[in-house]
Amino acid sequence: RYTFLARTAAATGCHVIATGHTRDDHAETVLLALIRGAGAAGLGGIRPVTGKIVRPLLEASRDDVLRYLTLHGLNYRVDETNADQAYLRNRVRLSLLPMLEAGFNPAIRATVARSGHLLQDEDSLLAGLAGEFYDRIAVRAEPGVLTLERAGMSTVHVALARRVLRL
C-alpha cells in the first residue's frame, strides 16, 4: 500500500501522504508488536509522522471517525479482507481486543495506544542518547569494519549499549 501511495504522490506532485489510521489501528499495532516480542521501537506502534506519511486521525477512535462520516453523509469503503481471521491483525481486532475490553478494561484501546505513545517518547530519547554516545566512542570506521571503544561501552547501561551496537 505504501509503495502505491508513494508512486501516486510522486506522479501527482504531492509532498505529503495522509492515511486514515486511527487510535484503534495504533492499539492493534502495539499489541501485535508485543505478541511478536518487539523492543521499545516496535512497541511504540504507529508514529504520527514517518517521512512523507502523516496520520492526522491517530488520536480519534474508529467509532469516532465512523460517527463523523455518518453524521455528514459521507461514504466510506470497508476492505472485506478486514473480516478474514486468517490474518493476525484481524484476530487481534476481532477477538483479542473485544475480549480485553469485556474482561479487563473497557478502555483498553485508548490505554494501549497511550502506552504506545509513551514508548515512542522513550524510544526517541534512547535513540538520541545512543547516537550521541556512538559519536563519542566510535574509534574508526573502515569498509566492513567499525571499531568501538571497549572501555566506553562497558560504562553504559546494557540498553544503551545494545542501541549503540545496532547503530
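Quick grid of which residues meet (1) among the aliphatic types (A, V, I, L, M); (2) open to solvent by 30 Å² or more (accessible area, probe 1.4 Å); (3) within 22 Å of residue 123 (Cα to Cα):
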| site | (1), (2), (3) |
| --- | --- |
| 32 | yes, no, yes |
| 35 | yes, yes, yes |
| 45 | no, no, yes |
| 48 | no, yes, yes |
| 63 | no, yes, no |
| 75 | no, yes, no |
| 81 | no, yes, no |
| 87 | no, yes, no |
May I ask you to list pairs of residues, at least six apart or on different chains, whose Cβ atoms are under 6 Å apart, with the first in the stretch 131-160 being part of a strand (DSSP E or B) and the second being of a type in the set (Ser, Thr, Tyr)? 139/147; 140/147
In this structure, does residue 41 turn out to be closer than 29 Å to residue 127 by Cβ, outside any loop (DSSP other than H, G, I, E, B) and open to solvent by less than 70 Å² (accessible area, probe 1.4 Å)? yes
Scanning the stretch 1-34 residue by residue, those assigned to a helix (DSSP H, G or I) and either of a type in the set (Lys, Arg) or in contact with a Gly (Cβ under 6 Å, 6 or more places away or on another chain) (or both) turn out to be 7, 23, 26, 29, 30, 33
What are the residues in the stretch 133-144 that are out of contact with any Asp or Glu (no Cβ under 9 Å at 6 or more places or on another chain) and either surrounded by 11 or more Cβ atoms within 10 Å (Cβ to Cβ) or of a type in the set (Gly, Ala, Ser) (or both), if any? 133, 134, 141, 144
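The values are calculated or read from the model by the stated rules, or taken from the named source; none is laboratory data. Keep in mind it's a predicted model, so treat the numbers as computed, not measured. Heads up, the Cβs are rebuilt from the backbone with ideal geometry, glycines too, and the neighbour counts pull from every protein chain shown. Note: accessible area is taken over every heavy atom of the protein model, side chains too, but ligands, DNA and RNA are not part of it. Shrake-Rupley method; radii C 1.70, N 1.55, O 1.52, S 1.80 Å.
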